[in-house]
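Notes follow the structure.
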Amino acid sequence: MKTAHNKVYDKLGSQYLRGCIQLHFDTDIESLFRHHYDATNRFVKLFTTHIVLLVAIYYITQFITFPGSRLAVILLSALLVLSVILASAGILVQRLHILSRVSLFIFNLLFLLTIPLLSKMTTSSSISQHFIFFFILLYTYIFSGLIWRDCIAISLIVLACVLSFNPERTIIFIQSDYFIFFLFSIVFCVGAGYYKEFQNRQFFLIEELLSQQAETDPLTGIPNRRTLNHHLVKLWKQACREKKNLALILVDIDYFKLFNDYYGHIAGDHALKRIAIELTHHARRPLDLVARYGGEEFALLLYDIDANALSEHSNKIVTSIAALEIPHEASKITKKLTISCGSRLLYARPNLSVRKLLADADQALYSAKAHGRNQAVIFGLSYKENL
């Protein structure tokens with residue numbers, strides 16, 4: 001049976017082996033990638049979007065010359081300003097991925113749709129217009145942060161608008177050098193946009209795989225002590241804000257050195273895996289965590305739990321491990337593998353620290369081992385009260 005960390009790692013590994021030529025992951029990995037991509041590129045997208053807005057407004061004011069152009073300039077500028085405000089909101093609010101994606105799509109589409117409204121674009125092929133148009137496409141495909149499929153959709157819409165804007169001028173436009181440059185620019189930017197997203201997806205998979213390796217115990221597949229420390233500090237701060245209790249249970253396998261000496265280290269590794277899997281059943285809530293603390297020790301972090309529930313939980317853990325019926329002929333207390341638990345419950349407040357939680361839980365574990373093992377002791381209660 002695999003733990004949740006094992007399953008995530010296997011999915012990432014399988015996805016990396018399959019590659020991402022189609023620029024799409026499995027549903028859960030794709031969601032992680034989109035949020036990661038938005039979060040890591042949001043300030044670049046915000047900066048470039050405002051720069052492009054200024055260029056667009058300048059471009060419109062310089063080249064719209066048909067009757068009523070003043071009104072057209074005002075309307076187009078207003079549309080672009082409104083769309084960039086929406087895009088900025090989507091970029092800044094990281095959790096609203098859909099808002100970010102849709103708002104940027106609207107802004108880019110409105111921006112590129114100004115092209116067929118510029119009459120000189122269909123009759124002239126000045127270097128300045130070529131440069132500005134190429135800059136527009138580079139922004140759409142490289143700097144805006146939209147996924148490649150959205151950029152393709154925008155290009156098709158804009159191309160259709162350019163070719164259908166004015167039938168007479170469309171023929172002139174197709175016969176001009178500008179049309180060749182237009183097609184070349186689109187093809188070049190499409191290729192660059194595809195390569196950019198492909199590389200981003202590859203790097204994302206590698207980073208996630210390395211992160212999983214750094215945060216996971218390689219033997220048991222559950223989080224390691226590094227992850228526990230990080231999660232403990234994070235939960236402690238949250239518990240202080242929300243004025244909640246935080247509990248830590250330290251678990252130690254009884255006479256595990258004798259177990260390894262008697263059965264061998266391969267059997268010992270197998271026992272550690274079975275115990276790790278069993279412990280994950282006791283930390284199912286979103287904020288709970290089970291981790292390998294080191295050697296034959298494990299730790300369970302439980303958020304917002306009272307003293308009675310912690311006592312019941314600790315005793316269930318001891319009972320469930322004994323129920324695995326793992327033989328331990330070398331044990332000095334019974335002929336099966338057992339554990340000892342030390343627990344500590346703290347009402348989180350700023351004047352305390354996670355060090356006290358760890359120290360008190362460790363002291364409770366020492367007490368459980370000193371009084372015969374195969375039991376759970378909660379710090380702050382006497383040995384008899386724990387019984």
Would a scan of segment 267-274 turn up a residue that is within 31 Å of the chain's Cα centre (by Cα) and surrounded by 18 or more Cβ atoms within 10 Å (Cβ to Cβ)? yes
Counting only residues that are open to solvent by less than 40 Å² (accessible area, probe 1.4 Å), in contact (Cβ under 8 Å) with a residue 12 or more places away in the chain and part of a helix (DSSP H, G or I), how many does segment 24-38 have? 5
If I go through segment 203-221 residue by residue, how many of them are open to solvent by 60 Å² or more (accessible area, probe 1.4 Å) and among the hydrophobic types (A, V, I, L, M, F, W, C)? 3
Test: Leu279 is under 27 Å from the mean Cα position of the chain (by Cα), under 26 Å from Gln212 (Cα atoms) and not aromatic (Phe, Trp, Tyr): yes
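Determine if segment 197-213 includes at least one residue that is among the β-branched types (Val, Ile, Thr) and at pLDDT 85 or above.
So far as segment 197-213 goes, yes, one or more of its residues are among the β-branched types (Val, Ile, Thr) and at pLDDT 85 or above.
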Which listed residue is touching a helix residue (DSSP H, G or I) at 6+ places or on another chain (Cβ under 7 Å), part of a strand (DSSP E or B) and among the hydroxyl-bearing types (Ser, Thr, Tyr), from Ser320, Ser340: Ser340
Residue count for segment 312-341, restricted to those that are buried (at least 18 other Cβ atoms within 10 Å of the Cβ) and of a type in the set (S, T, N, Q): 4
What number of residues in segment 367-387 are modelled with pLDDT of 90 or more, in a helix (DSSP H, G or I) and surrounded by 15 or more Cβ atoms within 10 Å (Cβ to Cβ)? 3
Mind listing whichever residues of segment 160-180 are surrounded by 15 or more Cβ atoms within 10 Å (Cβ to Cβ) and either modelled with pLDDT of 75 or more or polar (S, T, N, Q) (or both)? Thr170, Ser176
Among the residues of segment 318-337, is there at least one that is closer than 18 Å to Leu228 by Cβ and of a type outside the set (Ser, Thr, Tyr)? no
Picking from Asn229, Asn224, Asn245, Asn200, the residue that is over 17 Å from Ala283 (Cα atoms) and either surrounded by fewer than 21 Cβ atoms within 10 Å (Cβ to Cβ) or β-branched (Val, Ile, Thr) (or both) would be Asn200
Would you be able to say whether some residue in segment 351-363 is crowded, with 19+ Cβ neighbours inside 10 Å and more than 39 Å from the chain's Cα centre (by Cα)? no
Checking Phe259 against (1) over 25 Å from Leu232 (Cβ atoms); (2) open to solvent by 30 Å² or more (accessible area, probe 1.4 Å): exactly one of these is not met. Which one? (2)
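The values are calculated or read from the model by the stated rules, or taken from the named source; none is laboratory data. A quick note: this is a predicted structure, and the numbers were derived from the prediction, not measured. Every residue, glycine among them, receives a Cβ derived from its backbone with ideal geometry; neighbour counts consider all protein chains shown. All accessible areas refer to the heavy atoms of the entire protein, side chains included, with ligands and DNA or RNA removed. Shrake-Rupley method; radii C 1.70, N 1.55, O 1.52, S 1.80 Å.
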